[in-house]
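Here, each number is a calculation from the coordinates, and none is a lab measurement. Every value quoted in this text rests on a predicted model; they were computed, and no experiment measured them. Quick reminder, even Gly has a Cβ in these numbers, built from the backbone with ideal geometry, and neighbours come from all protein chains shown.
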């Protein structure tokens, strides 16, 4: 394979990896906190149902809240990942344009 192609492949991989590593760290921290909150809420509901503190109607109320928490968590993750994908795409396009522009000058 041509050395320029190999170098370009390496540069694309490097720029994508740097962005993904940074953004995945952010996602990991956010998701750990959110999953912990969802898990704790689930256990609180389970214990309340088990010991009778939470009746059927109250259980439905808490389950609706738990569903909302989970939906918000997933929607936030989708937004973060969508932004990350766009950042990677922009970075790769920037690398490609720089290579093309360097030959024109």
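For this structure, a couple of remarks:
- Identified option (computed mean projected area of the Cα convex hull in nm²; candidates (i) 10.2; (ii) 6.4; (iii) 8.9): (iii)
- Annotation: extensible slack from residue 4 through residue 55 equals 11.5 nm (criterion: 0.36 nm per residue apart, minus Cα-Cα distance).
- For the pair residue 67 and residue 24, the difference between a 0.36 nm per residue extended length and the Cα-Cα distance amounts to 13.0 nm.
- Taking the longest Cα principal axis of the chain as reference, the axis of helix 56-104 is set at about 0 degrees.
- One chain, two ends: residue 102 and residue 40. Fully extended at 0.36 nm per residue, the span grows by 16.8 nm beyond their Cα-Cα distance.
- Simple spin-label estimate for residue 33 and residue 47 in nanometres, 7 Å along Cα-Cβ: 2.3
- From its DSSP helices (H runs of at least four residues, each -39,500 (n - 2.57)), the chain gives a residue-normalised ellipticity at 222 nm of -35000 deg cm²/dmol.
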